[in-house]
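A short worksheet on the structure shown next.
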Amino acid sequence: MQGEITFGILGLLLVYTVNGCPERCLCNITLKEVSCTGNRLSEIPKGVPPDTEILYLQNNHIHTISNAAFTDMPQLQVLDLSNNIISSLSSHTFDGLHNLLKLNLANNSINYMDNKTLHETQNLKQLDLSFNNLTSLPEGLFKNQKNLIWLGMHQNQLHQLDTALLDSLSNLQVLFFQKNKWICDCHMAGLKLWLESFLYKGGQIDEILCTEPEDLRSKDLMKIPHELFEPCFSVEYKSPHADSDHRNPTIQNLHVKNENDNNSDCTTKSKPRTGSLRHAVATIVITGVICGIVCLMMLAAAIYGCSYAALMAKYQRELKKLEHLGPEVEQGSAEEKEPLDGSLP
């Protein structure tokens, strides 16, 4: 019995303390897993076995990631960097991770990502960027992410999002955007249309609650009618002497841009006339019925008026005719009475 216990202990030591395992980490050679969780690490540990497929680095004090940190881990498939204090991600942060499938960066302090941060992680299927300080996403960030099926962006500082960023995510199935600083003005109309199409195709999203304007605060973007959004316009001042080194601020031309200008000002209608297509159709039908009834009443009144006028005209003609016949009738009556009067004794 004592021999079996000793053999078991030796087996565990073989699994978790192999040569080349980083200090303060546990290595499982069977699962090809390295766990450095909760060890107050300030940087990515060195000496991780090159055949490692799973690397846990959550709950540490990692604040920066060097460009060559993961180049010696070509087989890595799962990387968990959650619950650290990372603030930025450069274009070479994840170089060499061509086989990475799952990347967890949740609960950090990320406020900047280069547009090429993910350019070598083409096989990525799950990306969690939630609970960070991202105010925007760089153009082209998801350019090579055609295999991504799960994206978490909730609990950041996003206020608007260009749908061109999402167009390349052709296989996306789950998208979480809750608890950001969404400004639900006319610039959000494009995202609303994209999300409606995404839902129609079977995608899954959470609530996108507005923080501005005041009258839409805490309203779900997906429940706000399209009629509420007006086209966005911006005003750009351009000097007629554009090629000159000095511009005259008093002589400027006025140019109007469309809603593609992210810096333009736009507002939403405060009182939409119709809440949805169904309400609009119902309103048109009711209006048509009311107009029809009014027209019928006017037609009936016109017919009645014409009939009454015709009767009154006929009555007047008959009355005048009787007035002309009145003297003749009286004269004839008098002549008829004279012989009768002469015959009396």
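Based on the alpha-carbon gyration tensor of the range 145-198 and its eigenvalue square roots a ≥ b ≥ c, which shape applies: rounded if a/c is under 1.5, prolate if not and a/b is larger than b/c, or oblate?
oblate
Less than 14 Å Cβ to Cβ from residue 74, Lys/Arg counted +1 and Asp/Glu -1: what total charge do the surrounding residues give?
-4
Do any of 32/116; 46/146; 146/192; 116/146; 116/223 go past 23 Å between their Cα atoms, and which?
Exceeds cut-off: 32/116; 46/146; 116/223.
So, in Å, what gap is there between the alpha-carbon centers of the range 134-172 and the range 54-109?
Here the two parts' Cα centres lie 18 Å apart.
Could you tell me which of rounded, prolate or oblate describes the range 1-180, using a ≥ b ≥ c as the square roots of the eigenvalues of the alpha-carbon gyration tensor, with rounded for a/c under 1.5 and, failing that, prolate when a/b is larger than b/c and oblate otherwise?
prolate
If you wrap a convex hull around the C-alpha atoms of the range 33-86 and split its volume per residue, what is the figure in Å³?
Each residue corresponds to 66 Å³ of Cα convex hull volume.
Sort 298-311, 151-164, 58-71 by the packing proxy (mean of other Cβ within 10 Å over each peptide's residues), most packed first.
The packing order, highest mean first, is 151-164, 58-71, 298-311.
Neighbour counts of other C-beta atoms within 10 Å: give me 128, 206 arranged from fewest to most.
Ascending Cβ contact count within 10 Å gives the list 206, 128.
What ranking do 22-28, 97-103 get when scored by the average of other Cβ atoms within 10 Å per residue, highest first?
The packing order, highest mean first, is 97-103, 22-28.
Of the beta bridges DSSP finds with both residues in the range 1-180, what % are antiparallel, to the nearest 5?
Looking only at bridges with both residues in the range 1-180, the antiparallel portion is about 15 percent.
Could you work out how much longer the chain between residue 150 and residue 293 gets when fully extended? Use 0.36 nm per residue separation minus the Cα distance between them, nm to one decimal.
45.9 nm
Quick note: the coordinates plus some simple rules give every number you see, no bench work behind them. Since we're looking at a predicted model, the values are computed, not measured. Neighbour counts run over all protein chains shown; Cβ positions are idealised from the backbone, glycine included.
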